[in-house]
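One structure is given here, and the rest of the page talks about it.
The values are calculated or read from the model by the stated rules, or taken from the named source; none is laboratory data. Model, not experiment: these values are computed from the prediction. Neighbour counts are summed over all protein chains in view; Cβ atoms, including those assigned to glycine, are modelled from backbone coordinates with ideal geometry.
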Amino acid sequence: MSQSLQTRPALQLLPAEEPGKAELKEQFIELRAKGLSYAKIARRMKLSRNTLASWSQELEAEIASLKAMELESLQEQYFLLKEGRIKLLGETLKGLQEELKKRDLAGVSTDKLLDMWLRVYQELKEEAIEVRPLSESEIVELKALQASRLLR
């Protein structure tokens with residue numbers, strides 16, 4: 001079971017559902033969020049495509065939520081999120097600055113190193129975002145969103 005599934009609350013069984021069905025639905029959500037087709041899931045889980053299509057409609061929000069969490073995790077892992085890019089560029093810039101301190105600025109390779117430093121610095125500037133405190137209404141909205149996620 002993926003780490004993101006472990007952080008989600010288990011599906012609530014409806015009174016008419018038999019034991020084990022919730023686990024099957026959890027597995028379906030995980031496989032569908034990973035992008036597997038109905039045909040592959042049907043073979044793997046030994047269920048009909050009609051059942052899976054029905055579950056897909058019923059569990060659309062859970063599938064979308066898990067897909068978003070897994071995508072965000074991948075983006076974070078590969079520095080695709082802004083915070084990760086800023087950190088990576090900052091570390092690169094710091095390393096270049098340290099190397100520049102060791103160099104004699106008369107050499108050609110130093111010019112190239114300085115040019116690289118300027119390019120990375122420019123990229124880092126482009127990543128900068130305006131940081132401002134949240135307004136009261138934004139705080140209330142954020143708390144409501146967090147509370148609704150906890151209730152799922």
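For the condition over 29 Å from residue 146 (Cα atoms), at pLDDT 85 or above and assigned to a loop (DSSP other than H, G, I, E, B), what is the one hit in 105, 47, 52, 118? Step through it out loud before you land on a result.
Working: 105 fails: at pLDDT 85 or above; 52 fails: assigned to a loop (DSSP other than H, G, I, E, B); 118 fails: assigned to a loop (DSSP other than H, G, I, E, B).
None of the others qualify; the one that does is 47.
So how many residues does the stretch 26-50 have that are among the polar types (S, T, N, Q) and surrounded by 13 or more Cβ atoms within 10 Å (Cβ to Cβ)?
Initial filter on the stretch 26-50 (among the polar types (S, T, N, Q)): 27, 37, 48, 50.
Checking which are surrounded by 13 or more Cβ atoms within 10 Å (Cβ to Cβ) leaves us with 27.
Of the residues in the stretch 26-50, 1 are among the polar types (S, T, N, Q) and surrounded by 13 or more Cβ atoms within 10 Å (Cβ to Cβ).
Against the conditions (1) more than 14 Å from the chain's Cα centre (by Cα); (2) closer than 21 Å to residue 129 by Cβ, where does residue 83 fall short? Just the number, please.
Here residue 83 meets the rest and fails (1).
Test residue 67 against the stated conditions and say whether it is among the charged types (D, E, K, R), part of a helix (DSSP H, G or I) and either in the same structural domain as residue 26 (by TED's automatic domain parsing) or at pLDDT 80 or above (or both).
Values: among the charged types (D, E, K, R): yes; part of a helix (DSSP H, G or I): yes; either in the same structural domain as residue 26 (by TED's automatic domain parsing) or at pLDDT 80 or above (or both): yes.
Answer is yes for this residue.
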